[in-house]
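Please read the structure below before turning to the comments.
Every read-out reported here was derived from the displayed coordinates using simple, explicitly stated rules and does not represent laboratory data. Quick caveat, the model's predicted, so the values are computed rather than measured. Please note: Cβ atoms are built from the backbone with ideal geometry, for glycine as well, and neighbour counts cover all protein chains shown.
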Amino acid sequence: MRYIDTHAHYNDEVYKDNLDIVFDEVRKANVDKVINVGYSLESSKESINLANKHNNVYCTIGIHPHDVKENVDELEKLYNENKGAKIVAIGEIGLDYAYVKDNKEEQIKSFIKQIKLAEKLGLPIVIHSRDASLDTYNVIKENVNEGAKLIFHCFAPTDDLVKLVLERKYFVAFGGNITYPRNSSFKKYIEMIPVEQMVIETDSPYLSPIPLRGKINNSSNLTYVCKKLAEYKNMDEQQLAKILYNNSISFFNLN
Ligand SMILES: [Zn+2]
Ligand SMILES: [Zn+2]
């Protein structure tokens, strides 16, 4: 079995002193490729640096809703300055009302601006949506052209988002949170979404799957996510891993 981690943050300072050791462990766990995801101008730069330095690392650039004060024009500049780099998507972008709700308009504005940027650059979009399902649905419905490539990272299914995923054939990435007992309600949605629209991720260093919950996560733990998904999909794990691998390659255009 081979895996691709479609969403991780190895620029995080928890890896500062041991990244080589972690990457060794990741390789040994048959994780061939990792997409390092930006969430601010600084982390986007760091993601580009990681992708430049490591063969098996790709990157995305984007401004997360927690950093809406940052300038999207600067992000475009960063892209233009790094055209040869392995930038495979714009993200993670979206809406997050979990902690900050008093800047919804600003969040929506930054989100739309980055959707337009992705369209201009012809890149897929990586969505972060937390406690903001209805607004996420509306912004996407109104601002993303049909046929655009879009993926919901760390997907927390709701009726409206799943409807959108099915209608527009968007992708979803499942992470360690599908192993948490409180998320057993995901099962009915997972059964509805075709496996052709799925990939997996770790969101490292966050969201360690059970049985490693609370520890620093890394891509070698993808196997727990794949296993749980196979259980929910009632599929052979090897067969599922192969499909997810190929989906990741084609969605992000990896080579
Ligand atoms: Zn996120
Ligand atoms: Zn993330």
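What dipole magnitude, in Debye to the nearest 20, does the chain give about its Cα centre under +1 on Lys/Arg Cβ and -1 on Asp/Glu Cβ?
So the dipole magnitude of the chain works out to roughly 580 debye.
For region 18-27, what does the Karplus curve 6.51 cos²θ - 1.76 cosθ + 1.60, with θ = phi - 60°, yield as ³J(HN,Hα) per residue in whole Hz, taken in order and with x for Gly and Pro?
In residue order, the calculated couplings are 9, 4, 5, 5, 4, 4, 4, 4, 5, 4 Hz.
Using the structure shown, list the pairs from 101/169; 101/215; 16/149; 16/242; 149/242 with a Cα-Cα distance above 24 Å, or answer none.
Flagged as over cut-off: 101/169; 101/215; 16/149; 16/242.
³J(HN,Hα) across region 78-91 via Karplus (A = 6.51, B = -1.76, C = 1.60, θ = phi - 60°), whole Hz, x for Gly/Pro?
Calculated HN-Hα couplings, in order: 4, 4, 5, 6, 10, 4, x, 6, 7, 8, 9, 6, 9, x Hz.
With +1 on the Cβ of every Lys and Arg and -1 on the Cβ of every Asp and Glu, and nothing else charged, how large is the dipole of region 56-104 about its Cα centre, in debye rounded to the nearest 20?
Here the size comes out at about 140 debye.
Check the straight Cα-Cα distances from residue 33 and name the aspartates and glutamates below 12 Å, setting aside those fewer than 8 residues away within the same chain.
Hits, sequence-local ones excluded: 5, 201.
Before rounding to the nearest 500, sum -39500 (n - 2.57) across all DSSP H runs of length at least 4 in the chain and divide by the residue total; then give [θ] at 222 nm in deg cm²/dmol.
Value at 222 nm, helices only, nearest 500: -13000 deg cm²/dmol.
Quick one: 3J(HN,Hα) in Hz for region 46-56, Karplus 6.51/-1.76/1.60 with θ = phi - 60°, rounded, Gly and Pro as x.
So the Karplus estimates, Gly and Pro as x, are 5, 5, 4, 4, 5, 5, 5, 7, 10, 3, 8 Hz.
Over the Cα atoms of the chain, what radius of gyration and what Dmax do you get, in Å?
Computed over the Cα atoms of the chain, radius of gyration and Dmax are 16.8, 46 Å.
Of 208, 110, how do they rank once you tally other Cβ atoms within 10 Å and put the fewest first?
Result, fewest neighbours first: 208, 110.
Which is farthest toward the positive dipole end of the chain among 98, 157, 65, measuring Cα position about the Cα centre, with Cβ charges +1 (Lys, Arg) and -1 (Asp, Glu)?
The residue sitting farthest along the positive end of the dipole is 157.
Relative contact order (percent) for region 138-255, with alpha-carbon contacts under 8 angstrom and 6 or more residues of separation?
Rounded, it is 22 percent for region 138-255.
Using Cβ contacts closer than 10 Å as the measure, can you line up 192, 198, 1 from fewest to most?
Final ranking by Cβ density, sparse to dense: 192, 1, 198.
Can you list the aspartates and glutamates whose alpha carbon sits under 13 Å from that of residue 53, skipping same-chain ones fewer than 8 residues off?
Correct list for residue 53: 20.
Using modelled backbone amide H atoms (1.01 Å from N, in-plane), which distant-in-sequence or interchain residues come within less than 5 Å of residue 89's amide H?
HN-HN under 5 Å from residue 89: 61.
Considering Cα pairs under 8 angstrom that are at least six residues apart, work out the relative contact order of the chain and quote it in whole percent.
Numbers: 490 pairs, mean separation 49.1, N = 255.
Over the chain, the number comes to 19 percent.
Within straight cross-link reach of residue 141, meaning Cα distance under 19 Å, which aspartates and glutamates are found once same-chain residues fewer than 8 apart are removed?
Filter leaves 92, 96, 105, 106, 119, 131, 159, 160, 167.
For each of 160, 135, count neighbouring Cβ atoms within 10 Å of the residue's Cβ, then give the residues from fewest to most.
Lowest count first: 160, 135.
Kindly identify region 1-143 as rounded, prolate or oblate by the Cα gyration tensor criterion: order the square roots of the eigenvalues as a ≥ b ≥ c, call it rounded if a/c is under 1.5, otherwise compare a/b with b/c, prolate if a/b is larger, else oblate.
Verdict is prolate for region 1-143.
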